[in-house]
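Step one of this worksheet: look at the structure below.
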Amino acid sequence: MSEFKIFTTYLLNFIAISAVLAVDPDTLQDLCVADTSSGVKLNGFTCKESANVTAEDFFFAGLANPGKVNNSVGSLVTGANVEKIPGLNTLGVSLARIDYEAGGLNPPHTHPRATEVIFVLEGELDVGFITTANKLISKKVKKGEIFVFPKALVHFQKNNGDKVASVISAFNSQLPGTQSLAATLFAATPAVPDNVLTKTFQVGTKEIEKIKSKLAPKKT
């Protein structure tokens with residue numbers, strides 16, 4: 001079976017399962033294309049007027065090609081969620097593409113609103129997640145293989161090879177959310193107090209400030 005057929009089968013199965021087990025609330029109409037310009041605040045997005053809905057609301061070409069990685073961790077996530085595809089509003093699914101340089105890392109993070117399933121397009125990755133019992137579940141996955149990260153558990157992917165790698169990620173939420181542990185703790189605004197971090201990690205203020213300086217947003 002070709003790689004495309006394997007991925008298509010995987011994607012259709014994921015969408016079918018997500019329709020039954022979707023984390024997001026079920027839709028009550030055929031479609032509810034997100035009106036991202038609306039100032040109304042609710043759990044999700046208000047619906048665009050049906051007369052203004054077009055095919056472009058359901059289309060996105062941003063995952064077709066590898067993204068340009070230009071950061072210190074060596075990976076780039078390109079989301080295909082309701083913020084990029086308004087037609088996903090209320091449908092309870094989304095995708096992303098992750099590209100990794102040789103040696104690249106998608107650092108430990110969580111998706112508070114979704115389970116994630118990755119399909120490896122190219123290369124090999126060491127992947128894993130940590131349970132609430134503090135047990136690491138990890139495995140090496142290669143092209144054509146799949147791995148699941150349960151909802152809200154801390155997980156990561158590392159390219160330990162000497163070639164680039166890439167995956168397609170599927171989520172059972174239109175907007176799964178991402179919390180990177182390092183950025184959450186060391187680059188929050190306002191900042192997490194140093195005495196909280198020094199006590200948590202059992203290190204001095206100097207070490208905490210050094211980490212914060214490395215994770216601080218680049219000034220433009």
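See the values below:
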quantity: Average Cα contact separation per residue, the range 102-220, under 8 Å, 6 or more apart, as relative contact order %; calculated: 32 percent
quantity: Amide H contacts of A114 (H built 1.01 Å from N, under 5 Å, at least 5 apart or other chain); calculated: A152
quantity: Semi-axis lengths, Å, the range 150-202, gyration tensor of Cα atoms, sqrt of 5 times eigenvalues; calculated: 28, 18, 10
quantity: Taking the C-alpha atoms of the range 117-220, convex hull volume expressed per residue in Å³; calculated: 166 Å³
quantity: CD proxy at 222 nm, helix term only [per DSSP H run n ≥ 4: -39500 (n - 2.57); per residue of the chain; nearest 500]; calculated: -6000 deg cm²/dmol
quantity: Zero-based 5 Å bins, Cα pair distances in the range 33-118, whole percents; calculated: 3, 12, 19, 19, 17, 13, 10, 5, 1, 0
quantity: Label point distance in nm, A216-S180, each placed 7 Å from Cα along Cα→Cβ; calculated: 1.6 nm
quantity: The chain - percent relative contact order, Cα under 8 Å, separation 6 or more; calculated: 20 percent
quantity: Dipole moment magnitude, nearest 20 debye, the chain about Cα centre, only Lys, Arg, Asp, Glu C-beta charged; calculated: 840 debye
quantity: Among 74-81, 176-183, the order from most to least packed when residues are scored by Cβ within 10 Å on average; calculated: 74-81, 176-183
quantity: Calculated P(r) tail over 18 Å for the range 106-177, as whole % of Cα pairs; calculated: 35 percent
quantity: Residues of the chain: accessible area per residue with a 1.4 Å probe, Å²; calculated: 60 Å²
quantity: Accessible surface of the chain, 1.4 Å probe, proportion on carbon and sulfur as whole %; calculated: 59 percent
quantity: Alpha carbon convex hull of the range 124-163, projected area averaged over orientations, nm²; calculated: 2.9 nm²
quantity: For mean projected area of the Cα convex hull in nm², calculated from these coordinates, the label among [x] 15.1; [y] 11.0; [z] 13.7; calculated: [x]
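The values are calculated or read from the model by the stated rules, or taken from the named source; none is laboratory data. Everything numeric here is computed off the predicted structure, so don't read it as measured data. With ideal geometry, Cβ positions are generated from the backbone for all residues, glycine too; neighbour counts draw on all protein chains shown. For accessibility, only protein heavy atoms count, side chains too; no ligands or nucleic acids. Shrake-Rupley method; radii C 1.70, N 1.55, O 1.52, S 1.80 Å.
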